[in-house]
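Undergrad: The structure that follows is given in the form of structure tokens.
The values are calculated or read from the model by the stated rules, or taken from the named source; none is laboratory data. Note that the structure is a prediction, hence the values are computed from the model and not measured. Using ideal geometry, Cβ is built from the backbone for each residue, glycine included, and neighbour counts are taken over all protein chains shown. With ligands, DNA and RNA removed, areas are computed over all heavy atoms of the protein, side chains included. Shrake-Rupley method; radii C 1.70, N 1.55, O 1.52, S 1.80 Å.
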Amino acid sequence: MDSRTVALIRTTFKAVAAEEDGPERLAKAFYAILFANHPPVRDFFPAAMDLQRDRLVNAISYALDQLEDPDALIPFLAQLGRDHRKYGVRGEHYVAVTASLKSAVRQFAGTEMWTDEVDRAWDEGLALISRTMLDAAEQESSPAVWSGRVVENRSVLRNLSVIRLRLDQPMEYAAGQYMSVQIPSRPRMWRYLSPAVPSNPQGEMEFHVRGIMGGWVSPAIISQTQIGDEWLIGSPLGALGVARNATRKMLMVGCGTGIAPLRAQLLEMAQRRSNPKVHLFVGGHHPCDLYDLEILNALAVEHGWLTVTPVAESEENPWWFYRAPGEPEPHFPGLQPRLIGQIGKLVAESGPWTDHDIQIAGSPSMVQTTRFRLMSVGAQAENIRHDPLF
């Protein structure tokens, strides 16, 4: 795709998205057009569409940012295409989606901006996206969806659980990747989670789940998951990972349950003969958020290439950390942060990191803040990785 075509697509989209409530209005218009013109497609989506609308705009924004970098865009789209097999989508569904998206953008762009050249540019861009996703889906031989039985639901905090499953067949994924999951009580509400352990022949998988206040799925996972429940799991996504021949030093920064994809990589690296030096900063709002610190510290003691620095924004745990009267207080050996403060700021001050490859995992705001702070002290953007949808 030539630079002129890319520029036309980006300019149009940014003009629409830059308006007040632009992304939300665009997403609402897209789904309204799609469902009106293709009613059966509605069955692929959950009843509550708020999160789905946000994901749409985020995915479009990421794809448009990568249009001139096929080495980044094509694998991302191929992964999405393989993942979308779980919905049962076919070629005609891609046609419906791209036509509806183009109509929604044109509606907000207006007649002055939407020229014949812009129209052709969007046709070319959307054709590339849909063709790449569909081709990847058609060429994939792995299951469209895996089934996993819950074998453990271990409460770590009042709002955080470790869920272990055994899949009906092993899934090959790279440590650091994530995947969509669906639980029995929330049909069609797929949520992204990162395994905290590497892929293994036994099909064993572990997820760390924090209940989000007001959320549809995570509170249900925390409070309702029972041994024997059947979860559905989509294809692996994401590009985090440490190559076996890696030689550059690594900086990893994870907050809360964002530690899961980094933990999986460290566990996989622990099985190798040699590794580059890795400095892991693990953080949370309170000391209790460092729930996995004992395992991480044990890894660091056993493997000289790993250094772990725990960080918390507060020195005290909140009142809800403690259990009901009469119940024993949770005990986390070694649960003391080494640094107190905002993790992005503290990591940046602990550098320099200019000679490190960097991975960041956590909430979107934490990822962006940490990324900008590291770049402000000399870290190169091309050396910083985080997943677009995580």
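Undergrad: Could you check how much of the accessible area of segment 139-237 is carbon and sulfur, as a whole percent, using a 1.4 Å probe?
TA: About 51 percent, which is the carbon plus sulfur part of the accessible surface.
Undergrad: No solvent, one uniform scatterer per C-alpha: report log10 I(q)/I(0) for segment 59-197 via the Debye equation at q = 0.20 1/Å, two decimals.
TA: For segment 59-197 at q = 0.20 Å⁻¹, log10 I(q)/I(0) is -1.29.
Undergrad: What's the ranking of 4-14, 185-195 by average number of surrounding C-beta atoms within 10 Å, highest first? Mind showing how you got there, number by number?
TA: Details: 4-14: 17.1, 185-195: 19.1.
The densest-packed peptide leads the list: 185-195, 4-14.
Undergrad: Continuing with the same structure: Let me understand segment 1-129 better: what is its radius of gyration from the alpha carbons, and its Dmax, in angstrom?
TA: 14.3, 40
Undergrad: Excluding residues fewer than 8 places away in the same chain, name every one of the lysines whose C-alpha is closer than 25 Å to that of residue 102.
TA: 14, 28, 86
Undergrad: Based only on the alpha carbon positions, what is the Kirkwood hydrodynamic radius of segment 194-313, in angstrom?
TA: The Cα-based Kirkwood calculation yields 15.9 Å.
Undergrad: Please find, in a Gaussian network model of the chain (springs between Cα atoms separated by less than 10 Å), the residue of 314, 365, 199 whose mean-square fluctuation is greatest.
TA: Ranking 314, 365, 199 by mean-square fluctuation puts 365 first.
Undergrad: Can you list, largest first and rounded to whole Å, the semi-axes you get for segment 243-321 by taking the square root of 5 times each eigenvalue of its Cα gyration tensor? Could you put the intermediate results ahead of the total?
TA: Details: eigenvalues 134, 24, 21 Å².
Value: 26, 11, 10 Å, ordered largest first.
Undergrad: For q = 0.13, 0.27, 0.28 Å⁻¹, what log10 I(q)/I(0) does segment 214-282 give under the Debye formula with an equal point scatterer on each alpha carbon and no solvent?
TA: -0.57, -1.29, -1.33
Undergrad: Here's a follow-up. Amide H of residue 283 versus every other amide H placed in the peptide plane: which residues, excluding those fewer than 5 positions away on the same chain, fall under 5 Å?
TA: Counting only residues 5 or more places away or on other chains, the set is 254, 255, 256, 311.
Undergrad: Then there's this: Tell me the per residue accessible area of the chain using a 1.4 Å probe; a whole number in Å² is fine.
TA: Normalised by residue count, the accessible surface of the chain is 48 Å².
Undergrad: Averaging over every viewing direction, what projected area does the convex hull of the Cα atoms of the chain cover, in nm²?
TA: With the hull built on Cα positions only, its mean projection is 20.7 nm².
Undergrad: Hey, in the GNM for the chain with a 10 angstrom Cα cutoff, which one of 122, 231, 319 fluctuates hardest?
TA: Of 122, 231, 319, the Gaussian network model singles out 319 as fluctuating most.
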